[in-house]
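Colleague: I have a structure here, written as structure tokens, and I will follow up with some questions on it.
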Amino acid sequence: LAPRPPKCGTAPRAATQEPVAEVTAEPCNVVLTTTNCDFDSLAAACALASLWGRDPEFSLVPTHVVMPRGAVPVVQRFLAYHKHVLPVRGFKTIDGSDIEALGVVDASSAARLGRSKRWLSLAQSLHVYDHHVGGEGEESESLGLHATEVVVEPVGSTTTLIVERLRDADVTPSVPEATLYVLGIRADTGGLAYETTTARDADALAWLLRKGASQAAIAEFGVERISGDQRKILATALRTVESRLYRGVGVATVAVRSKGYVPGLAAVVEELLELTAADVLIMACEHQNG
């Protein structure tokens, strides 16, 4: 028997193929905060992103702010209200091979970047802004060894360094931005009370207030958390604290004395932990009576 001819109008069915997803590169700049991000680190990162967004050298691609590993509770609370108006992106949304310029703020050691440290070798250029003049961590971890640009100046807050550049470039921050920058300067200067505070910090703060920073938000997120006696202990601790790396973990230790019992030292430890950006802090306090 001869094979039955195909029905009219039919043709052999071709094998179907699944469409191949096209991987599209998304070139960008990234500004990194430190791990356990505080207000100064977040504010400085957002300020640098704003500055780059208006700089012809960087503005051809978008600039994102990335927090490598979380934030302190008060910063998390601030972001719950304002993250949608800030250039903050999740770590996993960034492909390191897409990074053109990489900024690092409030740190001069790779040890403070957590898992994002791997991006250092992928970026086309590295820009470091910090106010810790003495450096931090082991020399082999120093970001200055590979940086295209290093700005480290003796001011009370890294945010101050970048706000000055925004002011010089005649960039007017939005109200949420100005408010965040104020919180950043206040956090690392203790509301301009710490010994490391400079006139430059005060000038930057005043400029931001003139640009419309929200006093209500500053009162909500930047209230004083420690008393006068606690602040004296904090000031002493800041002068004598020692930091070192142990198996990749930043450990800070300090011993202080007070002229009598001072309650609530847990708040001092929390404040000092933020200011040193250590992963672990051990503080001993000797109370002198009489």
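Colleague: So, in region 54-88, how many residues would count as being surrounded by fewer than 15 Cβ atoms within 10 Å (Cβ to Cβ) and either touching a strand residue (DSSP E or B) at 6+ places or on another chain (Cβ under 6 Å) or polar (S, T, N, Q) (or both)?
Modeller: 2
Colleague: Continuing with this model, one more query. Taking region 224-271 only, how many residues are hydrophobic (A, V, I, L, M, F, W, C), within 29 Å of S116 (Cα to Cα), open to solvent by less than 40 Å² (accessible area, probe 1.4 Å) and modelled with pLDDT under 85?
Modeller: Matching residues across region 224-271 total 0.
Colleague: So, in region 188-204, of the ones that are in contact (Cβ under 8 Å) with a residue 40 or more places away in the chain and assigned to a helix (DSSP H, G or I), which residue ends up farthest from V163 (Cα to Cα)?
Modeller: So, considering only residues that are in contact (Cβ under 8 Å) with a residue 40 or more places away in the chain and assigned to a helix (DSSP H, G or I), the one farthest from V163 (Cα to Cα) is D188.
Colleague: Does any residue in region 164-187 that is assigned to a loop (DSSP other than H, G, I, E, B) come within less than 8 Å, Cβ to Cβ, of a residue that is open to solvent by 20 Å² or more (accessible area, probe 1.4 Å) six or more places away or on a different chain, and which pairs are these?
Modeller: These pairs meet every condition: A169/L51; A169/R54; A169/D55; V171/L51; V171/R54; T172/K211; P173/K211; S174/V85.
Colleague: Output the residues belonging to region 239-281 that are part of a strand (DSSP E or B) and under 21 Å from H131 (Cβ atoms).
Modeller: E242, S243, R244, L245, G250, A252, V254, L281
Residues checked against (1) closer than 27 Å to F78 by Cα; (2) touching a helix residue (DSSP H, G or I) at 6+ places or on another chain (Cβ under 6 Å); (3) modelled with pLDDT of 95 or more; (4) crowded, with 24+ Cβ neighbours inside 10 Å:
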site: K117; (1), (2), (3), (4): yes, yes, no, no
site: S125; (1), (2), (3), (4): no, no, yes, no
site: S142; (1), (2), (3), (4): no, no, no, no
site: T158; (1), (2), (3), (4): yes, yes, yes, yes
site: A187; (1), (2), (3), (4): yes, yes, no, yes
site: G191; (1), (2), (3), (4): yes, no, no, no
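Colleague: Also, quick follow-up: So which pairs qualify, if the first residue must be in region 103-115 and within 16 Å of V251 (Cα to Cα), the second must be basic (K, R), the Cβ gap must be under 7 Å, and the two must be at least 6 apart or on different chains?
Modeller: These pairs meet every condition: A110/K117; G114/R69.
Colleague: Taking region 95-115 as the search range and keeping residues that are aliphatic (A, V, I, L, M) and modelled with pLDDT under 95, which one is most open to solvent (accessible area, probe 1.4 Å)? Step through it out loud before you land on a result.
Modeller: Pass one, region 95-115, residues aliphatic (A, V, I, L, M): 99, 101-102, 104-105, 107, 110-111, 113.
Within this subset, residues satisfying the condition of being modelled with pLDDT under 95 are 107, 110-111, 113.
Working: A107: 0, A110: 7, A111: 26, L113: 0 Å².
Only one residue tops the list, namely A111.
Colleague: If we keep just the residues of region 4-63 that are part of a strand (DSSP E or B) and at pLDDT 95 or above, which is farthest from G222 (Cα to Cα)?
Modeller: Pass one, region 4-63, residues part of a strand (DSSP E or B): 28-32, 37, 63.
Then keep just the ones that are at pLDDT 95 or above; that gives 28-32, 63.
Numbers: C28: 32, N29: 30, V30: 27, V31: 24, L32: 23, T63: 27 Å.
Going through the qualifying residues, I end up with C28.
Colleague: Name the residue, out of T236, T159, that is touching a Phe, Trp or Tyr at 6+ places or on another chain (Cβ under 6 Å), among the polar types (S, T, N, Q) and not in a loop (DSSP other than H, G, I, E, B). Can you show your working first?
Modeller: Values: T236 fails: touching a Phe, Trp or Tyr at 6+ places or on another chain (Cβ under 6 Å).
The conditions single out T159.
The values are calculated or read from the model by the stated rules, or taken from the named source; none is laboratory data. Everything numeric in this text was worked out from a predicted model, so none of it was measured. Neighbour counts run over all protein chains shown; Cβ positions are idealised from the backbone, glycine included. All accessible areas refer to the heavy atoms of the entire protein, side chains included, with ligands and DNA or RNA removed. Shrake-Rupley method; radii C 1.70, N 1.55, O 1.52, S 1.80 Å.
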